[in-house]
Structures are given as structure tokens and as C-alpha cells.
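Note sheet for the following structure.
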Amino acid sequence: MNSACLFTISAPSGAGKTSLIKALLAKKSSSIVVSVSHSTRLKRPGEVDGVDYHFVNIEQFEAMVEQDEFIEHAKVFDNYYGTARASVEKLLESGRHVILEIDWQGARQVKQAMPETIGIFILPPSRAALQQRLIDRATDDRSTIERRMLAADREMSHYHDAEFLVINEDFEQALYDLECIIHSQGMTLARQKVRNNALIESIPEEIV
């Protein structure tokens with residue numbers, strides 16, 4: 001067992017997942033990293049290959065699927081997205097916790113491929129609060145918000161797939177809760193044995 005942990009973080013749109021992860025990385029950048037996914041979509045202005053995504057063409061992506069190189073992958077509209085096992089394992093071997101920012105379907109695939117994965121689900125304090133946040137963004141019309149709410153309902157219905165729930169009512173509290181979950185998983189007996197093997201090996205067997 002590696003001393004680092006793999007986490008999936010899922011949430012409906014508007015729950016604050018991306019903002020929480022960015023804030024977490026700003027505080028814990030030396031010990032936590034977000035895995036970069038592969039994508040077949042075109043690179044947008046300002047995006048950097050290997051930072052925003054690993055940009056590949058459809059033929060390359062399909063070849064990786066055939067070779068079972070992804071722990072999860074999906075087609076979103078006309079583009080493919082996937083998380084490469086080799087990328088995740090390399091990051092874990094560096095000793096840093098790895099976060100996958102992913103929807104419930106992807107999180108379920110990752111859990112099947114890597115059972116030790118720890119799932120975290122972020123929920124808004126209420127459905128009404130989520131709807132108000134989407135309205136406050138002022139980027140979508142009413143019909144788009146309705147579609148987003150339907151999608152959010154589908155996403156939230158899978159909250160029980162995760163091991164941990166974070167309710168994002170107060171941002172700072174939610175960030176603290178997220179930090180506590182991640183920190184605690186690195187402190188389990190099994191992972192401490194890996195991290196502090198010399199100390200553990202020096203302790204005599206149980207003395208009655």
C-alpha cells in the first residue's frame with residue numbers, strides 16, 4: 001500500500017466543487033495534486049497541454065481504450081475524456097494525495113478499477129440554495145437553469161456512492177471539512193506503517 005491516497009470528488013454543478021478544490025490546492029499544493037485527464041476536444045486559447053488536459057486525437061484515445069489504459073472514460077457530447085491509470089499511479093508513487101474531479105459515473109468506474117479509492121461528495125445546503133446559486137451566476141436563461149437542475153438532481157441522487165459527504169453552506173467550513181477528510185485518510189494505521197516503516201519495525205510485538 002502506498003502512503004498516498006486517491007480521492008474522487010463529485011458534486012452537482014453549482015455546489016462549489018471546483019472552487020473548493022482550487023482553495024484546497026492553494027493551501028496544500030505540496031501534498032495534494034489533481035490528476036490531469038486525457039481529452040479529444042480541441043485545445044482552447046490559453047490552455048496548456050499536460051496542464052489543462054492531455055490533448056489527444058480520437059485514434060489515440062480509442063487505442064488507449066483498447067489497451068485498457070483508462071480507469072475511467074466517457075463521451076461527453078462529441079468529445080472523449082478519460083483518466084489514465086499510469087498518470088494516477090505515477091502521482092501516487094510520488095507520495096502526494098491525488099484528486100479526481102469527476103461526476104458520479106466516473107467516480108463509480110474509478111472505484112471499480114481501484115477499490116481503495118475514497119469518494120467524497122459535495123452537496124449544497126438545499127436544492128433551493130443550489131438553484132439560487134445558478135440564478136445568481138447570471139450566465140444562463142431560465143430553461144438552461146431548469147436543465148441544469150434536472151442534471152443536478154441526477155447527480156445528487158448518487159451521493160450514497162461516496163464514503164464522505166461535505167455540505168457546502170459556508171465555504172470556509174466546507175474547505176476545512178474537506179481538508180480534515182483528506183488529512184485523516186493519510187493517518188490510518190495501514191498508511192502510517194508505510195510512511196514510518198522503520199519506527200514500526202523497531203517496536204516489539206505485543207507484550208502481555
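The values are calculated or read from the model by the stated rules, or taken from the named source; none is laboratory data. Everything numeric in this text was worked out from a predicted model, so none of it was measured. Cβ sites come from the backbone with ideal geometry, for glycine too, and all protein chains shown count toward neighbours.
Annotations for the structure displayed:
- Selection status of residue 132, free of Cβ contacts under 8 Å to residues at least 60 places away in the same chain, part of a helix (DSSP H, G or I) and either among the β-branched types (Val, Ile, Thr) or surrounded by 18 or more Cβ atoms within 10 Å (Cβ to Cβ) (or both): no
Condition check ((1) touching a residue at least 40 places away in the same chain (Cβ under 8 Å); (2) in contact with a Ser or Thr (Cβ under 7 Å, 6 or more places away or on another chain)) across all residues:
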| position | (1), (2) |
| --- | --- |
| 55 | no, yes |
| 73 | no, no |
| 78 | no, no |
| 86 | no, no |
| 94 | yes, no |
| 97 | yes, yes |
| 111 | yes, yes |
| 136 | no, no |
| 156 | yes, no |
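- Residues (more than 18 Å from residue 100 (Cβ to Cβ) and not polar (S, T, N, Q)) located in the range 18-40: 26, 27
- The listed residues are 15, 23, and the only one of them that is in a loop (DSSP other than H, G, I, E, B) and either surrounded by 14 or more Cβ atoms within 10 Å (Cβ to Cβ) or not hydrophobic (A, V, I, L, M, F, W, C) (or both) turns out to be 15.
- Condition met for residue 177 (of a type outside the set (S, T, N, Q), in contact with a strand residue (DSSP E or B) (Cβ under 9 Å, 6 or more places away or on another chain) and either at pLDDT 95 or above or at negative phi (or both)): yes
- Unique match (being touching a Pro at 6+ places or on another chain (Cβ under 8 Å) and loosely packed, with under 14 Cβ neighbours inside 10 Å) among 206, 169: 169
- In the range 27-48, the residues that are under 22 Å from residue 175 (Cβ atoms) form Cβ pairs under 9 Å with partners that are among the hydroxyl-bearing types (Ser, Thr, Tyr), at six or more places apart or across chains, as follows: 33/94; 35/83; 35/87.
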